[in-house]
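Accompanying notes for the structure given below.
The values are calculated or read from the model by the stated rules, or taken from the named source; none is laboratory data. Quantities reported herein were computed from a predicted structural model and do not represent experimental measurements. Backbone-built Cβ (ideal geometry, glycine too); neighbour counts: all protein chains shown. Only protein heavy atoms, including side chains, enter the accessible area calculation; ligands, DNA and RNA are left aside. Shrake-Rupley method; radii C 1.70, N 1.55, O 1.52, S 1.80 Å.
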Amino acid sequence: MEILKTYLDLSVFSLLGIMAFIALWFTLERLFFYAKVQVTDYPHLEMLQVDLTKNLTAISIIGSNAPYIGLLGTVLGILITFYDLGKLDTIDTGAIMTGLALALKATAAGIALAIPSIMAYNGLMRKVDVLSAQFKAQKSVNNQ
């Protein structure tokens, strides 16, 4: 239990930090790609959509799973708090509240990562829809 107590915050926040870095990296990469993509360079809509949706799954996975990573950190933090209280054989409400408050910071961090990740994913998917519509309109004009 002492190992868990020692490395819980480091582990949870390191994992969330790595996830945040990946989400930011992929979001910026997609934004730069969308800024320079030419829909006329693609012969088929499917080929365009493959290129447009690259790395979007990773952003979505990060956004949907970050709260669970935070929740896991919270549950383990609560477990540690109750374990420590059980060893003391006394009920100290201050220790309980402090332990629970510290445990909840992991959930807050997970949610703080999830919200911008999902917003970025939705914004990027909107851009995919716009570029796909431009491709269809361009093909329609060229076929006339």
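Going by what's in this entry, would residue 59 be described as closer than 20 Å to residue 121 by Cβ, assigned to a helix (DSSP H, G or I) and among the β-branched types (Val, Ile, Thr)? Taking the combined requirement at face value, the residue satisfies it.
Select, from 128, 141, the only residue that is of a type in the set (A, V, I, L, M) and under 20 Å from residue 59 (Cα atoms). Working first, answer last.
On the way: 141 fails: under 20 Å from residue 59 (Cα atoms).
Among 128, 141, only 128 is of a type in the set (A, V, I, L, M) and under 20 Å from residue 59 (Cα atoms).
Scanning the stretch 90-99 turns up no residue that is under 22 Å from residue 12 (Cα atoms), touching a residue at least 24 places away in the same chain (Cβ under 8 Å) and touching a helix residue (DSSP H, G or I) at 6+ places or on another chain (Cβ under 7 Å).
Scanning the stretch 127-144 for residues that are among the aliphatic types (A, V, I, L, M) and free of Cβ contacts under 8 Å to residues at least 12 places away in the same chain yields 130, 133, 137, 141. Criterion applied to 21, 26, 33 was being free of Cβ contacts under 8 Å to residues at least 40 places away in the same chain, closer than 30 Å to residue 143 by Cβ and out of contact with any His (no Cβ under 7 Å at 6 or more places or on another chain), and the one residue passing it is 33.
Say we look at the stretch 128-144 and pick out the residues that are assigned to a helix (DSSP H, G or I) and open to solvent by 80 Å² or more (accessible area, probe 1.4 Å); which of these is nearest to residue 29 (Cα to Cα)? Spell out how you get there, then give the answer.
Taking the stretch 128-144 first, the residues assigned to a helix (DSSP H, G or I) are 128-143.
Checking which are open to solvent by 80 Å² or more (accessible area, probe 1.4 Å) leaves us with 129, 134, 136, 141-143.
Working: 129: 18, 134: 21, 136: 24, 141: 30, 142: 30, 143: 33 Å.
The selected residue is 129.
So which of 55, 65 is surrounded by 13 or more Cβ atoms within 10 Å (Cβ to Cβ) and on the phi > 0 side of the Ramachandran plot? Walk me through how you get there before you give the answer.
Details: 65 fails: on the phi > 0 side of the Ramachandran plot.
Among 55, 65, only 55 is surrounded by 13 or more Cβ atoms within 10 Å (Cβ to Cβ) and on the phi > 0 side of the Ramachandran plot.
Of all the residues in the stretch 103-126, those that are under 15 Å from residue 20 (Cα atoms), open to solvent by less than 40 Å² (accessible area, probe 1.4 Å) and either in contact (Cβ under 8 Å) with a residue 60 or more places away in the chain or not in a helix (DSSP H, G or I) (or both) number 6. Only one entry of 100, 79 meets the criterion of being open to solvent by 60 Å² or more (accessible area, probe 1.4 Å) and of a type in the set (A, V, I, L, M, F, W, C), and that entry is 79. Looking at the stretch 9-17, can you tell me whether even one residue there is free of Cβ contacts under 8 Å to residues at least 40 places away in the same chain and open to solvent by 80 Å² or more (accessible area, probe 1.4 Å)? Within the stretch 9-17 (the criterion being free of Cβ contacts under 8 Å to residues at least 40 places away in the same chain and open to solvent by 80 Å² or more (accessible area, probe 1.4 Å)), the answer is yes, since at least one residue qualifies.
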